[in-house]
Amino acid sequence: MRNVGIIMRRELVSYFATPLAYVFIVIFLLLANWFTFYLGAFYERGQADLESFFAFLPWLYLFLIPALSMKLWAEERNSGSIELLMTQPITLREAVLGKFFAAWIFTAFALALTFPLWITVNYLGRPDNGAILAAYLGSLLLGGGFLAIGSCMSSLTRSQVIAFILGVFACLALLLAGFPGVLDVFRSWAPQSIVDAVASLSFLVHFDSIRKGVIDVRDLLYFAMLISLFLLATAIALELRKAD
Amino acid sequence: MIKTEHLTKHYGTLTAVEDVSFQVGPGEVLGFLGPNGAGKTTTMRMLAGFVTPTAGSASICGHDVERDPLAAKAALGYLPEGAPNYGEMTVRRFLNFIADLRALEGARRTARLRHVIGHLQLEGVLEQTIETLSKGFRRRVGLAQAIMHDPPVLILDEPTDGLDPNQKHEVRTLINDMARDKIIVISTHILEEVDAVCTRAIIISQGRIVADDTPAGLAARSRYHNAVSMQLEEPAQLPSARAAVEALPAVAQVEVSERDARLTALPKAGTPILPALSELAARTGLKLKELHLESGRLDEVFRTITS
């Protein structure tokens, strides 16, 4: 576990050593606020909650998280530094976890920087802060899920562009699985159990239930399993192809 | 001790390394030679635990690289081909990162960091990011990383590739300094390097070991081993000199280079010809610029073995 911390620190320092961290944070905050106030009609709704922020967050994450995760492994493989890293006395698991946690902590940091929204809504009214906290937790888990998928896609290729496109596609598929339009397609011919199974795979279904302030163990388990599964897939992909 | 037994790596139908077995002991500097694509890098990557062998085994100081990879890696310092690195890190941060991973702490950490920085002359670039460094400095940072934990075994994949002659000399001096108490394996396709640093050379071609000998032993396989080369003052004397040398019973063949008026006489197996030739020169009044005995040409041996 010590090595996970060392690798995580190195990654985090590297984010801030390049413009990546600053560009990501600025774009994330700009878009988050634009979505909230313009598309989400924060003022016009006249309600003291952050519904208009959290409703758009999955779509913002859909493009920004794969942009963050695309470099996780593709860059290491492309520059060859993966050979340097993996010949140090560390395990593959430590490397995969260290890099993932670095990206996740960075995502959490960017998310935390949306706190002015929370201050605003508390200034304007009396929101249910418990629900907002739950929604933040859900957002963090959603970000973790996207990152785990992105990490896996990044481990499949040397090209960051391909990693990005694969990441967006995979995240979109898991987002849309819970979309009414997609579920309707299944509903027209499949039994209810299949429709439920597809819906239960969806990010949105689990995110929405946490977002409403209900923290259900099943939703937490969903994200934990999804993240574990994709990190495991990352490790397997790297084990098979790291030297190619 | 490095030990490999029947080490083999296939990529699909392509055979990268086939049945490679050797042992290297303390004090040995093994040069791994071979044409590009012969399997040098793949072999070294298997030793370093980066590539999993298809068959066979390898161990570093008794630790099998597959069954006990962490112990094997702990005993090993490894410089990957091309010295890849994290370009955005400063040299200081990078060396600290490596010291962290090598679990160096306290006084020993300070001492090791000071040692590698001093030894590889990195003081002046500590705060520079690695991507801004010249090729020579990047290679030195890679070497610093490899020797950080003072490992008993060093595996260096083309440590001098792309360096200028001064930098090459520095790296070779460094390797020679460390050679006494370590096991060192370097790969190279620069043959002069074998003479400069290696006590033993393995030539690998198409994934197989085709020669395993000392540099002198390899040179002795050359047609030019014990050949005598003489350069004449007067190019006009070349034809008559050639005829006289060819007439000597111990000479098997004569090669002439008109450009620098040089005659090279190749001996019949095992017979010394230098005395006969110097006597001949004195007797016939040949004016010599130079006369010397060749120990053998490694590049010629290399070509013969690997082509």
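The values are calculated or read from the model by the stated rules, or taken from the named source; none is laboratory data. Computed from a predicted structure; not experimentally measured. Every residue, glycine as well, gets a Cβ built from its backbone with ideal geometry; the counts of neighbours run over all protein chains shown.
Within the range A:156-181, how many residues turn out to be of a type outside the set (A, V, I, L, M, F, W, C) and modelled with pLDDT of 90 or more? Matching residues across the range A:156-181 total 5.
Considering (1) closer than 20 Å to A:S79 by Cα; (2) touching a strand residue (DSSP E or B) at 6+ places or on another chain (Cβ under 9 Å); (3) within 9 Å of another protein chain (Cβ to nearest Cβ), the lone condition that B:V91 does not fulfil carries the number (3).
Within the range B:277-284, is even one residue aliphatic (A, V, I, L, M), assigned to a helix (DSSP H, G or I), over 30 Å from B:P80 (Cβ atoms) and under 15 Å from the mean Cα position of the chain (by Cα)? No, the range B:277-284 has no match at all.
Touching a Lys or Arg at 6+ places or on another chain (Cβ under 9 Å) and more than 14 Å from chain B (Cβ to nearest Cβ) - does that describe any residue in the range A:21-35?
Among the residues of the range A:21-35, not one is touching a Lys or Arg at 6+ places or on another chain (Cβ under 9 Å) and more than 14 Å from chain B (Cβ to nearest Cβ), which makes the answer no.
Once the range A:191-244 is narrowed to residues that are within 14 Å of chain B (Cβ to nearest Cβ) and not small (G, A, S), the residue that is surrounded by the most Cβ atoms within 10 Å (Cβ to Cβ) is A:L238.
Within the range A:8-19, residues that are facing chain B (nearest Cβ under 7 Å) reach partners that are part of a helix (DSSP H, G or I) and buried (at least 16 other Cβ atoms within 10 Å of the Cβ) with beta carbons closer than 6 Å, at six or more positions or on different chains, in the pairs A:R10/B:F97. Looking across the range A:20-50, the residues that are free of Cβ contacts under 8 Å to residues at least 60 places away in the same chain and within 30 Å of A:V96 (Cβ to Cβ) come down to A:L20, A:Y22, A:V23, A:V26, A:I27, A:L31. For the range B:80-97, state whether one or more residues are hydroxyl-bearing (S, T, Y) and either surrounded by 15 or more Cβ atoms within 10 Å (Cβ to Cβ) or assigned to a loop (DSSP other than H, G, I, E, B) (or both). Yes; the residues of the range B:80-97 include at least one that is hydroxyl-bearing (S, T, Y) and either surrounded by 15 or more Cβ atoms within 10 Å (Cβ to Cβ) or assigned to a loop (DSSP other than H, G, I, E, B) (or both).
Which of the helices (runs of 4 or more DSSP H) contained wholly in the range B:164-252 include at least 3 residues that are over 21 Å from B:E300 (Cα atoms)?
B:165-178, B:238-247
When each of B:L79, B:L14, B:L70 is tested for being of a type in the set (A, V, I, L, M, F, W, C), closer than 22 Å to B:P159 by Cα and either within 14 Å of another protein chain (Cβ to nearest Cβ) or within 18 Å of the chain's Cα centre (by Cα) (or both), the lone residue that passes is B:L79. Highlighted here are the strands (runs of 3 or more DSSP E) found entirely within the range B:1-78 that include at least 1 residues which are surrounded by fewer than 19 Cβ atoms within 10 Å (Cβ to Cβ): B:2-11, B:14-24, B:55-60. For first residues located in the range A:77-106 and within 12 Å of chain B (Cβ to nearest Cβ), partners that are among the hydroxyl-bearing types (S, T, Y) and lie 6+ apart or on another chain with Cβ distances below 7 Å form the pairs A:S81/B:Y86; A:T87/B:Y78.
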